[in-house]
Structures are given as C-alpha cells and as structure tokens.
Amino acid sequence: MVRYAEPGAVEWVESGGGPLVAVPETVLPFWTGADGEETASDYDRACEVDGPVGLLPVGDATALVLGDEPASTAYLPAHGTFVRWGAADGEEELLASVPAALRTAQWEPEVGWEVPGTVLLFDAAWPGPDSARADHVRVALEPGRYAVRAAQVQPGPETWLGLVQLRRLAAQEAPGAR
C-alpha cells in the first residue's frame, strides 16, 4: 500500500499495470490472479472488463473489477467510494475535491453487487492467497446487496479522478431505483 500523506490517513493501492479487483475475503482462495493453467486466468478475465467496473464470479461470490486504467485507488468509507487518482498536484488537493466531484458526477448505469462481507482490494494479477503480501486495502462492508456506479470527473483544471461509489440497497430495492 502506498501513502502519499500522513501514515494512516488514506491508504492507496496501485497495480503493476492491470486492473484492481475487490474480492470478498470468503472467496480469496479461489482467485487465481495471473496464475493458473486454464486458457483464461482470473487476471485475463479481469482485463476483459470493458469500462470502469465489472463483476466476475469467484467461488460462490462475486468480485468487483475496477477497470479502465491502473490508477492508484483508495476507499473512503465516509463516502462509500473508491477514489481513483487521475491527476492532481497532491493527495490533499485530490481528496478535497471528492465532495464536489460526487455532487457533479455524471454516473454510468448502476450494477448490483452481492457482498458476503469484507473485501480485499488488490492488483488482479495476484492470487487471492498471496494478496495480503501485495499492495492491498481491506474494505469492511456489511453483507448485502449494493448498487455500484462509476464516473470520471474533472473537479478542477488540473484535477481528474475516477469514482466508484457503493450504496447498500434495501432488501427489495433493485440497482437504479431510488
């Protein structure tokens, strides 16, 4: 994990060039990353995600793929949002722009994600069992169904960021309904 400011303030995850993936801890042993003898590894499947987010089956759960580009990413629990660093003069500037970015974002259509609990965000190339040794962030989520939406935002002339927001759904609510 990378820190650009005070230790413990915000933890950022970087990849070696491919997508990041949020895998539920309960199915980490089933994520093979770039390893594997099949024709398409889990990493290959993650690289095939077209767009800012996608879902992939892993064991009896689903992983969330953060696609598009390998941007440094942090999870901000106060906003329920993964923030992807596009450009900024520094972490303070980027984080200060998040509230305005959330208000002005032009969101992509939502997808529904069933989460059994805590997920680990890491480079999709790593096998799940080895992810704790890699650059990663543990994201404590309540079990349940979430609406996931993404946007690319330019809140300032020299500041660009990606947003992937999670919203916990009521039992009967479907993604896109408010």
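What follows draws every value from the coordinates through simple rules; no lab data is involved. Only a predicted model underlies this, so the values are computations on that prediction, with no experimental measurement involved. Here the Cβ positions follow ideal geometry from the backbone for every residue, glycine too, while neighbour counts run over all protein chains shown.
Measuring nothing but how far apart in sequence close Cα pairs (under 8 Å, 6+ apart) lie, relative to its length, the range 125-166 scores a relative contact order of 29 percent.
With springs only between Cα atoms under 10 Å apart, run a GNM on the chain and tell me which of Val21, Val111, Val13 wobbles the most. Looking only at Val21, Val111, Val13, the biggest GNM fluctuation is shown by Val111. Pairs of Cα atoms nearer than 8 Å and 6+ residues apart set the relative contact order; for the range 20-168 it is 30 percent. Here the mean projected area of the convex hull built on the C-alpha positions of the range 20-168 is 8.5 nm². Ordering Pro70, Ser41, Ala105 by the projection of their Cα atoms onto the charge dipole of the range 20-168, which places +1 on the Cβ of Lys and Arg and -1 on the Cβ of Asp and Glu, puts Ala105 at the extreme positive end.
Work out, step by step, the length gained on full extension between Ala170 and Leu76: first 0.36 nm times the residue separation, then minus their alpha carbon distance; give nm to one decimal.
Details: separation 94, 0.36 × 94 = 33.84 nm, distance 2.14 nm.
Full extension from Ala170 to Leu76 adds 31.7 nm.
Taken about its Cα centre, the range 20-168 carries a charge dipole of about 680 debye when Lys and Arg each add +1 at the Cβ and Asp and Glu each add -1 at the Cβ.
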